[in-house]
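Only one structure is covered here, and it is reproduced in the block below.
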Amino acid sequence: MSEVAPPFLIAPNLAKAGIKHGFFTRKGGVSWGRDDLNCGLGADDRAEHVQENRDRVTRALAAQRLVSLFQVHSTDVVVLREMPEWERGPKADVLVTNVPGLALGALSADCGAVLAYDPEAQVIASAHSGWKGTAGNAVRAMIEGMETLGALRERIVVGLGPMIRQVSYEVGPDFPAFFKDAVADHERFFIPAEKPGHFMGDISGIIAAQVAGEGVDQFVDTGGDTYADEETFFSARRGAHRGEPDYGRLISAIVLAEH
């Protein structure tokens, strides 16, 4: 197969800190007879196509190895102190390491993908923060996991990738209550929807507030609505609304340079 460099977005604060990372789009891959960059090992896709896509991401980041987790919408953390033998790890949603050359990936298709870096401790992290993970405060788990390797929250730099945005995310009447312990004044992140009793939920806003609440002030949200921008992003909710059997998974990843 001919080499294609898949496009990705960056968080300016992470780029300024000098860390290699990317919030990859759906472009630049080989899945489903198109150029889709599906990186989900659990998606309904040919294994060799997923592997080629992930290899392209690995090369784009100049990484030795790319790993991701069997994501289950939890706040569980895996801390890697050496290069693992696996590519798809255990059931968890946060990865932390200080191993150079090891790219940490977070898969998403509407959920929040969070990448973080402490430039002094040389510790990186990736987190998958969907609504359940956000309700449980996956950001806090990520930061605490980084601290086990010597990171300090006042030095940590955090970027949030494209995800479903408030304008696209209608939720039911009971949904806001899930976040009452996740963030202060949680009602402010839910505005009335056109449908009576329903709301439009701002999960990205909650994630940003959680980062600030942990004492981290170096945060950038890259923007982008995965549901609305079909040309650029996969979306689980868009696929469900159309009755599609499956959907692709975007990947966001971060890697420490090898010296």
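The values are calculated or read from the model by the stated rules, or taken from the named source; none is laboratory data. What you see is a predicted model; the values in this text were computed from it and never measured. Don't worry about glycine lacking a Cβ; one is built from the backbone with ideal geometry, like all the others, and counts go over all protein chains shown. These area figures cover heavy atoms from the full protein model, side chains too; ligands, DNA and RNA do not enter into them. Shrake-Rupley method; radii C 1.70, N 1.55, O 1.52, S 1.80 Å.
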What ³J(HN,Hα) values, in whole Hz, does the Karplus curve 6.51 cos²θ - 1.76 cosθ + 1.60 give for the range 37-53 when θ = phi - 60°, with x put for Gly and Pro? 9, 6, 10, x, 5, x, 7, 7, 8, 5, 4, 5, 6, 4, 5, 4, 4
Where the range 29-172 is the region considered: accessible area per residue in Å², 1.4 Å probe: 35
Provide R88, R165, R34 ordered by accessible surface of protein heavy atoms (probe 1.4 Å), highest first. R34, R88, R165
Under a point spin-label approximation (7 Å from Cα along Cα-to-Cβ), what is the R155-V79 distance to one decimal in nm? 1.6
Kindly provide the pair-distance distribution of the chain built from C-alpha pairs, with 5 Å bins from 0 and whole-percent values in order of increasing distance. 1, 7, 14, 19, 20, 17, 11, 7, 3, 1, 0, 0
Solvent-accessible area of K27 with every protein chain in place, 1.4 Å probe, in Å² to the nearest 10: 70
Taking Cα pairs under 8 Å and at least six residues apart, what relative contact order does the chain come out at, in percent? 25
Amide H of G89: which non-local residues (sequence gap of 5 or more, or other chain) have their own amide H closer than 5 Å, using H built in the peptide plane? S68, L69, F70
Measure off, as a whole percent, the carbon and sulfur share of the 1.4 Å-probe accessible area of the chain, all protein chains present. 51
List residues of the range 68-95, by number, whose backbone nitrogen lies under 19 Å from a label position 7 Å along Cα→C-beta of K180. none
For the range 149-164, just list the computed ³J(HN,Hα) in residue order, Karplus coefficients 6.51, -1.76 and 1.60, θ = phi - 60°, integers in Hz, with x standing in for Gly and Pro. 9, x, 6, 10, 4, 6, 9, 6, 10, 10, x, 10, x, x, 7, 5
Roughly how many Å² of T75 are accessible to a 1.4 Å probe, to the nearest 10? 50
For the range 99-216, what is the relative contact order in percent, using Cα pairs closer than 8 Å and at least 6 residues apart in sequence? 27
Going residue by residue through the range 239-251, the Karplus relation 6.51 cos²θ - 1.76 cosθ + 1.60 with θ = phi - 60° gives ³J(HN,Hα) values, rounded to whole Hz and with x marking Gly or Pro, of x, 5, 5, 8, x, 6, x, 7, 8, x, 10, 6, 10
Springs between alpha-carbon pairs under 10 angstrom, Gaussian network model over the chain: which of D202, D118, D174 fluctuates most? D174
Share of antiparallel DSSP beta bridges in the chain, in percent to the nearest 5? 70
Compute the FRET efficiency between I191 and K91 as 1/(1 + (r/R0)^6), taking r as their Cβ-Cβ distance and R0 = 45 Å, and round to the nearest 0.05. 0.85
Springs between alpha-carbon pairs under 10 angstrom, Gaussian network model over the chain: which of V220, V57, V158 fluctuates most? V220
Of Y247, Y227, ordered by accessible area with the largest first and a 1.4 Å probe, the sequence is Y247, Y227
Connecting every pair of Cα atoms under 10 Å apart in the chain and solving the GNM, the largest mean-square fluctuation among G172, G223, G201 falls on G172
For T134, T148, T232, write out the residues from largest to smallest accessible area, computed with a 1.4 angstrom probe and no ligands counted. T148, T232, T134
Distance between the range 238-255 and the range 148-226 - C-alpha centres, whole angstrom: 20
